[in-house]
Protein chains: 4
Amino acid sequence: MTTHRLVPTAWHNVLGTVPPALTIADGDSVVTETIDAGGVDKDGVQRWPGPNPMNGPIFVDGAEPGDALQVDIIRMTPVRENGWTRAVLAANVVDPERVRDLPPRDRADWIIDADAGTVRLERPVPGLEHLVLPLEPMIGCFGVAPGLSQAFSTATSAENGGNMDYRGFGPGSRAWFPIAVPGALFFLGDCHAIQGDGEIVGTGVETAMEVEIRLSVVKNRRQVWPRGENADAIFTVGNARPLEQALQHATTEMLDWLMGDYGLSAVAASHLLGQVVRYDVGNVFDPAYTMVCKVEKKWLPKR
Amino acid sequence: MTTHRLVPTAWHNVLGTVPPALTIADGDSVVTETIDAGGVDKDGVQRWPGPNPMNGPIFVDGAEPGDALQVDIIRMTPVRENGWTRAVLAANVVDPERVRDLPPRDRADWIIDADAGTVRLERPVPGLEHLVLPLEPMIGCFGVAPGLSQAFSTATSAENGGNMDYRGFGPGSRAWFPIAVPGALFFLGDCHAIQGDGEIVGTGVETAMEVEIRLSVVKNRRQVWPRGENADAIFTVGNARPLEQALQHATTEMLDWLMGDYGLSAVAASHLLGQVVRYDVGNVFDPAYTMVCKVEKKWLPKR
Amino acid sequence: MTTHRLVPTAWHNVLGTVPPALTIADGDSVVTETIDAGGVDKDGVQRWPGPNPMNGPIFVDGAEPGDALQVDIIRMTPVRENGWTRAVLAANVVDPERVRDLPPRDRADWIIDADAGTVRLERPVPGLEHLVLPLEPMIGCFGVAPGLSQAFSTATSAENGGNMDYRGFGPGSRAWFPIAVPGALFFLGDCHAIQGDGEIVGTGVETAMEVEIRLSVVKNRRQVWPRGENADAIFTVGNARPLEQALQHATTEMLDWLMGDYGLSAVAASHLLGQVVRYDVGNVFDPAYTMVCKVEKKWLPKR
Amino acid sequence: MTTHRLVPTAWHNVLGTVPPALTIADGDSVVTETIDAGGVDKDGVQRWPGPNPMNGPIFVDGAEPGDALQVDIIRMTPVRENGWTRAVLAANVVDPERVRDLPPRDRADWIIDADAGTVRLERPVPGLEHLVLPLEPMIGCFGVAPGLSQAFSTATSAENGGNMDYRGFGPGSRAWFPIAVPGALFFLGDCHAIQGDGEIVGTGVETAMEVEIRLSVVKNRRQVWPRGENADAIFTVGNARPLEQALQHATTEMLDWLMGDYGLSAVAASHLLGQVVRYDVGNVFDPAYTMVCKVEKKWLPKR
């Protein structure tokens, strides 16, 4: 198990089949510094145009279509003392006629104190003078190359992952992506210091981070949509518009998981989900919305 | 502060302007036994046809259009040792072509042990033999009469509340509904012993309960959608299809609340919501879906 | 076959079970003057508050739940020389972020020349100086009382009809509504001198009209959604949000019609619809959108 | 003005930046034979895997980002005497619970008689024995390469066109696509002998055709979404899910067109659209739905 350091000199605005920036063995770890959603690095230098420039891709030896790529998010460390957000709710999350009343979509700057583990507005606004948020790092955009020679903008997401903007993808969590091309071609970037459900201002606190991840291949794991787990729960991720379709994808993927790996019938899986399922709204801002279907591990049958 | 007992002899399948079953003073409490979503009472007797027969309405003295009705859910005690669910995921929560594969929408029976505080399948299915769920009572359908002489089926929900099927409306929580008619005309019923997010099998564990609530009038409280709070959070409720519109209503209502009662500007409210908002999916089954927009109290400015 | 004249002195803002304004025999005709969507009559007098005050209801002898009410729209004659519209696209029909740029939602006045059969702006705006539209009268809101003691605002529509705002419901067309209460309880109002697809400014040219309709009972005609026909085509009407759900309802109703009355299998109906179906967007403005599924009569099998 | 013949030996399943198969001058015409949606050519030979293999791309000299590509569809001639369809309505166009009742999604074969100008089932089904449809050829999938190194599956569509499956794109019509890469990189394929609105069985009558098109560059024509015209009308095309979003895109593009090229204010454009707009449902089957916003030329101001 080697730990590699990936120092990009170029980035990507799509997840697609492009030459790998690094090739690793199954199970190796990678440490890499991401630049922010707008392409600005830890020193405040614009390194690449947005949206969401990606580090990578990383070619994982032995990864083949039909396998899944397991991504363990080991560590996320801010490498910059500031981040930024949009300052106003996105137009699509309020009642349409109310959009007329929204203020302009300015940017706001935030101070990230990695030692204290806090995030706060650089210039507090009235009523929020004392707002000190916890540092809750997450990866906004990561995933693998899609198949059929497709290449998707890092503004959006699909079966292969991408810009899911789900706050649950932080340190200690694990994701699995369905592999569509040899080597999987893993990309990551767009880290947030914190983000609410739905990314409803159109951003989290966008910043640059040093990220450590471990990439492993699960052979012959058929899955259609991203899956994940953390200490307490397993979850599936649907990326689509409208929100109901994202929910349908996530729920169908969970149904398949419960039936395929946990031996439940459709009825048993329905009983379980019906009474214990939890949904998280990943984002309701990007071209594809993200809905997460979650089941706490304590409810699962033994495998 | 009087506590009344309401013993219905007739029920309602709409929330509308019908003669009150009980008139109380502002701040009084009411204890009443509900029948289940199908109209079956604690003794297993079919008392009224479904869907969701309502107790009430309760006329609250002094309640006028333009006020809000505060509903404190004080206690919910199962009065029957069994409940029922649909046994299969609803067609609209899985990928459309996958609906072909779903088993028939049978019913399943559950055992409710109020003393132990547990809920479990009467006939365990393979893989769920050991599934013992906690009793987490909630009111599926409650609210006030809508205005303009409208009367809405208890299968659905709207600005006036109704069949929101949100698991957050349990003991210890509080709801506020916008009052549209004199006396508010409060209805309740359709209690569940437990329910997952989204009510994705089309039911929670449907049963009969004894419910104690307190009804109070908040004068001149302008709100469009239901609001609520519990020990930890305040929340707003949007009821509509599609799910995105429910989310828009809930978010707009929260924006109004933060600006109106907490003195935040649209920008300040956006900053707060953008980084700390949580959404709960009430239901994605009923004609109107329910989405809840929630903010933990610890993030709120002092009022 | 009698022709009745209904001269209302009160109107309704809901379709619901209220005392009839007129009782007629099966097959009788009715002539009645409607007031406009805002409640203004032919003399410019405000007679009733909006939205969409309805004439009626008309009780049709012999109409029972499980039957259908056939409505022949025989004649629609403007009784006022002016009408009005909203002057700006509704917020929900443009891209959300573009709503910020829309001008205020003012009203505009139009001149209706019934003799010439024309409709034009009272104060032409630059670029539209020569715009003279044809008078194409239509009923915006009509239908029957819903069942289960429900009462729906005339702002919206459902299985029972209501505010469908479909430009196809003009003179020479026929509608069928599923009857849910004894006597059917037929309502109508909200006539437009002309309207584009979707009612995307939120109105047609709203005015007062004298309308002649004939009401007949079709015994034991099971249908879920409104159906209609004109000289060239049969059509079904789905009323719901989102637009896709309205389309699903309309398509399912057409499938049922083709299978039930025309003897087609599901495969045969699919072949026909797949290659010849036409959809009309009734409205994309009201709380329930309206989508119409249409098949030209020339493609239908002989019954 | 040269007419080129493009005889592909390879096809593409994405619209993206790939080496051109042909380079032409601005205004040149191209004649090319397409294979069907499943990759079968005029001789019944499988030449390429689906979905929707594309001929091209064609590089047009002088085409630059910020320009528009004008595509005149001059001629479409079937080169095969048969075509095929899916035999059952797609699951997403009927009510979700009704999907359970749909028959299997088999294929059906159709006979195309180019001389007679007719299309009919090879094996008539009961009730459709006499169904003889007109040959109404259309291009299901065409467009240009998207920007930002993206590559989109020919199963879907976006700002750059693609699998719009709109029956209005037949001989005599003209389309304009926003150019995102040098040379425009034009693709086409997936021709249908006939198709209803919405492509609700998931196909038109899929077949191989000889197509003649002329490609011209309109310099500095800013447009976001595809535009088109035919003898009677101009139209805009929105490609997205849900259907309402496709409608928003198409309507916004038409608003921009009327304001930008016809000198109308937002209010004037609203007046016009409000009373005369027509919407066509392109498809409600593909990952992105297609909605067309149309205005008859007779209503337009002189340019």
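The values are calculated or read from the model by the stated rules, or taken from the named source; none is laboratory data. These numbers come from a predicted model, not from an experiment. With ideal geometry, Cβ positions are generated from the backbone for all residues, glycine too; neighbour counts draw on all protein chains shown.
Conditions (1) more than 30 Å from residue B:186 (Cβ to Cβ); (2) touching a residue at least 60 places away in the same chain (Cβ under 8 Å); (3) surrounded by 14 or more Cβ atoms within 10 Å (Cβ to Cβ), marked per residue:
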site: B:67; (1), (2), (3): no, yes, yes
site: B:108; (1), (2), (3): yes, no, yes
site: B:114; (1), (2), (3): no, no, yes
site: B:125; (1), (2), (3): yes, no, yes
Could you please let me know if residue D:228 is in contact (Cβ under 8 Å) with a residue 12 or more places away in the chain, more than 14 Å from every other protein chain (Cβ to nearest Cβ) and part of a strand (DSSP E or B)? yes
If residue D:23 meets every condition in (1) surrounded by fewer than 18 Cβ atoms within 10 Å (Cβ to Cβ); (2) over 21 Å from residue D:137 (Cβ atoms); (3) of a type outside the set (A, V, I, L, M, F, W, C); (4) within 16 Å of the chain's Cα centre (by Cα) apart from one, which number is that one? (4)
Mind counting the residues in segment A:65-96 that are out of contact with any strand residue (DSSP E or B) (no Cβ under 7 Å at 6 or more places or on another chain) and either modelled with pLDDT under 95 or hydroxyl-bearing (Ser, Thr, Tyr) (or both)? 0
Within segment B:235-242, identify whether any single residue is touching a residue at least 24 places away in the same chain (Cβ under 8 Å) and either assigned by TED's automatic domain parsing to the domain that holds residue B:138 or part of a loop (DSSP other than H, G, I, E, B) (or both), and answer yes or no. yes
With the checklist (1) free of Cβ contacts under 8 Å to residues at least 60 places away in the same chain; (2) within 30 Å of residue D:243 (Cβ to Cβ) in hand, flag the one item residue C:21 doesn't pass. (2)
Conditions (1) within 14 Å of another protein chain (Cβ to nearest Cβ); (2) under 22 Å from residue B:291 (Cβ atoms): number failed by residue B:178: (1)
It is to be established whether one or more residues within segment C:141-161 are within 11 Å of chain B (Cβ to nearest Cβ) and free of Cβ contacts under 8 Å to residues at least 40 places away in the same chain. yes
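Looking only at residues in segment A:162-175 that are surrounded by 24 or more Cβ atoms within 10 Å (Cβ to Cβ) and not aromatic (Phe, Trp, Tyr), which one is nearest to the other protein chains (Cβ to nearest Cβ)? Full working, then the answer.
Going through segment A:162-175, the residues surrounded by 24 or more Cβ atoms within 10 Å (Cβ to Cβ) turn out to be A:162-167, A:169, A:175.
Right, trim to not aromatic (Phe, Trp, Tyr) and you get A:162-165, A:167, A:175.
Details: A:162: 12, A:163: 13, A:164: 15, A:165: 12, A:167: 10, A:175: 21 Å.
Across segment A:162-175, the extreme among qualifying residues is A:167.
Quick one: which residue in A:93, A:88, A:99, A:31 is among the β-branched types (Val, Ile, Thr) and in the same structural domain as residue A:201 (by TED's automatic domain parsing)? Before the answer, list the steps.
Details: A:93 fails: in the same structural domain as residue A:201 (by TED's automatic domain parsing); A:88 fails: in the same structural domain as residue A:201 (by TED's automatic domain parsing); A:99 fails: in the same structural domain as residue A:201 (by TED's automatic domain parsing).
Exactly one of A:93, A:88, A:99, A:31 is among the β-branched types (Val, Ile, Thr) and in the same structural domain as residue A:201 (by TED's automatic domain parsing), namely A:31.
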If you scan segment A:259-284, which residues turn out to be touching a residue at least 24 places away in the same chain (Cβ under 8 Å), surrounded by 24 or more Cβ atoms within 10 Å (Cβ to Cβ) and either among the small types (Gly, Ala, Ser) or more than 8 Å from every other protein chain (Cβ to nearest Cβ) (or both)? A:282, A:283
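When the residues of segment B:231-250 are narrowed to those that are of a type in the set (S, T, N, Q) and farther than 11 Å from residue B:158 by Cβ, which ends up farthest from the other protein chains (Cβ to nearest Cβ)? Give the steps one after another, and end with the answer.
Filtering segment B:231-250 down to residues of a type in the set (S, T, N, Q) leaves B:236, B:239, B:245, B:248.
Retained after the next criterion (residues that are farther than 11 Å from residue B:158 by Cβ): B:236, B:245, B:248.
Numbers: B:236: 12, B:245: 7, B:248: 5 Å.
This residue is B:236.
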Meets criteria (in contact with a Phe, Trp or Tyr (Cβ under 7 Å, 6 or more places away or on another chain) and more than 14 Å from chain A (Cβ to nearest Cβ)) for residue C:127: yes
For segment D:30-79, which positions are over 16 Å from the mean Cα position of the chain (by Cα) and of a type in the set (Gly, Ala, Ser)? D:38, D:39, D:44, D:50, D:62, D:63, D:66, D:68
Output the residues belonging to segment A:111-165 that are in a loop (DSSP other than H, G, I, E, B) and within 14 Å of the chain's Cα centre (by Cα). A:136, A:137, A:154, A:155, A:156, A:159, A:160, A:163, A:164, A:165
Go through (1) free of Cβ contacts under 8 Å to residues at least 60 places away in the same chain; (2) at the interface with chain A (Cβ under 7 Å from one of its Cβ atoms) one by one and return the number of the condition residue B:194 breaks. (1)
Kindly provide the set of residues from segment B:285-303 that are of a type in the set (D, E, K, R) and either more than 10 Å from chain A (Cβ to nearest Cβ) or surrounded by fewer than 22 Cβ atoms within 10 Å (Cβ to Cβ) (or both), ordered by number. B:286, B:296, B:297, B:298, B:302, B:303
Would you say residue B:73 is touching a Phe, Trp or Tyr at 6+ places or on another chain (Cβ under 7 Å) and hydrophobic (A, V, I, L, M, F, W, C)? yes
Counting only residues that are touching a residue at least 60 places away in the same chain (Cβ under 8 Å) and surrounded by fewer than 19 Cβ atoms within 10 Å (Cβ to Cβ), segment C:2-18 contains a total of 2
Kindly establish whether residue C:67 is under 20 Å from residue C:21 (Cα atoms) and of a type in the set (Asp, Glu). no
